[in-house]
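Engineer: Got a structure for you, questions after.
The values are calculated or read from the model by the stated rules, or taken from the named source; none is laboratory data. Everything numeric in this text was worked out from a predicted model, so none of it was measured. Cβ placement follows ideal geometry from the backbone for every residue including glycine, while neighbour counts extend to all protein chains displayed. Note: accessible area is taken over every heavy atom of the protein model, side chains too, but ligands, DNA and RNA are not part of it. Shrake-Rupley method; radii C 1.70, N 1.55, O 1.52, S 1.80 Å.
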Amino acid sequence: MAFQEKHLSVPGPVEVEGRLVKRYHVTADPAGIEPEVEKAAYAFLPELLATLPEPDGTPPVSFVVLHRGGDDGAYLNVYSWVWDNVLHFAGGAAGQPVLGCPDRDSTHFVRLDRSLIGCVWELPPIGHERNAWVRHMLSGEPDVPAYLADSLPEGLTG
């Protein structure tokens, strides 16, 4: 089967565990990610944020990519800014036994213990977020509201 881009939606930022979190959703379904998968992913998010190093003065800002795979899989990638200019990664998955999930339940998220940072559909936000961070946080006076407002446009992933 030939590669096809997926749909990208950009719900507004949320605050979780004292961090401001920008959100990207990726799915082949134009209707979006099922509400029960989204709810389960964001309920699991605090566990992934708990893997962050101690606060270091960097504004507490993260972004997530929630990806609904074409099978039972769902993936929650959490990228958090630390040390002024470094991305910390933590990942979770549901419904994908090959990644250590105990079952095929798309709402049963577990923490990934592998060095995977994202697939081809999950990577576009990383490039954008790097540029947005440089634009709003490293080039002059840091502007968290401007950074939070600067997201990829909704549409296709590429």
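Engineer: Summarise the long-distance tail of P(r) for the chain by giving the % of C-alpha pairs beyond 21 Å.
Structural biologist: 43 percent
Engineer: Evaluate the relative contact order of the range 71-158 (contact order divided by residue number), counting alpha-carbon pairs under 8 angstrom at least 6 apart; express in whole percent. Could you put the intermediate results ahead of the total?
Structural biologist: Numbers: 113 pairs, mean separation 16.6, N = 88.
Relative contact order for the range 71-158 comes out at 19 percent.
Engineer: Right, another one. Pairing the Cα long axis of helix 124-133 with the longest principal axis of the chain, what angle in degrees results, from 0 to 90 and rounded to the nearest 10?
Structural biologist: 10 degrees
Engineer: Between ALA50 and LEU156, 0.36 nm times their residue separation minus their Cα-Cα distance comes to what?
Structural biologist: This chain segment gains 35.1 nm when fully extended.
Engineer: Kindly sort SER115, SER62 by accessible area of their heavy atoms, largest first, with the probe set to 1.4 Å.
Structural biologist: Final ranking, largest accessible area leading: SER115, SER62.
Engineer: When only Cα pairs under 8 Å and 6 or more residues apart are kept, what is the percent relative contact order across the range 1-105?
Structural biologist: 21 percent
Engineer: Angle check, please: helix 35-49 long axis (alpha carbons) against the longest principal axis of the chain (alpha carbons), in degrees 0 to 90, nearest 10.
Structural biologist: Computed tilt is about 50 degrees.
Engineer: Which order do THR51, THR58 take by accessible area at a 1.4 Å probe, largest first? Show your work: numbers first, answer last.
Structural biologist: Working: THR51 40, THR58 20 Å².
I get THR51, THR58, largest accessible area first.
Engineer: With Cβ to Cβ distances under 14 Å as the rule, what net charge do the other residues near VAL134 carry (K, R +1; D, E -1)?
Structural biologist: On the way: positive: ARG130, ARG135; negative: ASP84, GLU129, GLU141, ASP143, ASP150.
Net charge in that neighbourhood comes out at -3.
Engineer: What is the calculated FRET efficiency for VAL10 to ASP84, with r their C-beta to C-beta distance and R₀ = 35 Å, to the nearest 0.05?
Structural biologist: 0.90
Engineer: State the antiparallel share, in %, of DSSP beta bridges confined to the chain, rounding to the nearest 5.
Structural biologist: Roughly 75 percent of the beta bridges in the chain run antiparallel, per DSSP.
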